[in-house]
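*Asks:* Supplied in structure tokens, the structure appears directly below.
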Amino acid sequence: MKIKYAITYGKMKDFKTPEDAKKEYAKYKEAAEKAGFKLLLWGSPFGVAEDSVVVVDFGGDMDKWTKFFTSAQAPWTASRTDFVLDW
């Protein structure tokens with residue numbers, strides 16, 4: 001088994017309109033694809049303190065994911081990531 005998917009929770013930045021949020025997540029998706037990852041979905045989770053969640057297939061390359069995750073301009077703040085195994 002290897003870790004392949006990252007689920008990242010965060011506090012969404014203050015956007016003036018829902019369209020602004022969509023634009024920012026589209027930019028993040030583009031940056032993820034440029035880094036070789038696939039943004040599978042984003043949305044608003046229930047049952048957690050954060051109001052933003054993304055799921056990314058990062059293919060299991062932790063070094064590459066860490067570099068991207070710490071440098072990419074995300075549309076959220078105060079993030080935390082959970083990893084999901086792909087078996």
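Rule-based calculations on the coordinates, nothing more; no lab input. Worth saying up front: this structure is predicted, and the values here are computed from it rather than measured. So basically every Cβ, Gly included, is an ideal-geometry build from the backbone, and we count neighbours across all protein chains shown.
*Asks:* Taking the Cα centre of the chain as origin, sum charge times position over the Cβ atoms of Lys and Arg (+1) and Asp and Glu (-1), and report the length of that vector in debye to the nearest 20.
*Replies:* The calculation lands at about 160 debye.
*Asks:* Here is a further query. For the Cα atoms of the chain, what angle does the longest principal axis make with the long axis of helix 62-71, in degrees from 0 to 90, nearest 10?
*Replies:* It is inclined by approximately 20 degrees.
*Asks:* Also: Per-residue ellipticity at 222 nm for the chain, helices alone: DSSP H runs ≥ 4 residues times -39500 (n - 2.57), over residue total, nearest 500 deg cm²/dmol?
*Replies:* For the chain, the value works out to -10000 deg cm²/dmol.
*Asks:* Lysines within cross-link reach of LYS16: Cα-Cα under 23 Å, excluding same-chain residues under 8 positions apart?
*Replies:* Reachable lysines: LYS27, LYS29.
*Asks:* Expected output is a single nm value to one decimal: the length gained when fully extending between THR66 and LEU41, i.e. 0.36 nm times separation in residues minus the C-alpha distance. What is it?
*Replies:* Fully extending the segment from THR66 to LEU41 adds 7.1 nm.
*Asks:* Report, to the nearest 10°, how far helix 18-34 tilts away from the longest principal axis of the Cα atoms in the chain, using its own Cα long axis and a range of 0 to 90°.
*Replies:* The angle comes out near 20 degrees.
*Asks:* Would you work out the relative contact order for the chain, in percent, from Cα pairs under 8 angstrom that are 6 or more residues apart?
*Replies:* In percent, rounded to a whole number, it is 54.
*Asks:* Quick one: net charge of ILE3's neighbours, Cβ under 13 Å, K/R +1, D/E -1?
*Replies:* -2
*Asks:* Got a sec? Charge dipole of the chain, +1 on Cβ for Lys and Arg, -1 for Asp and Glu; which of ALA49, TYR9, LEU39 is way out at the positive end?
*Replies:* LEU39
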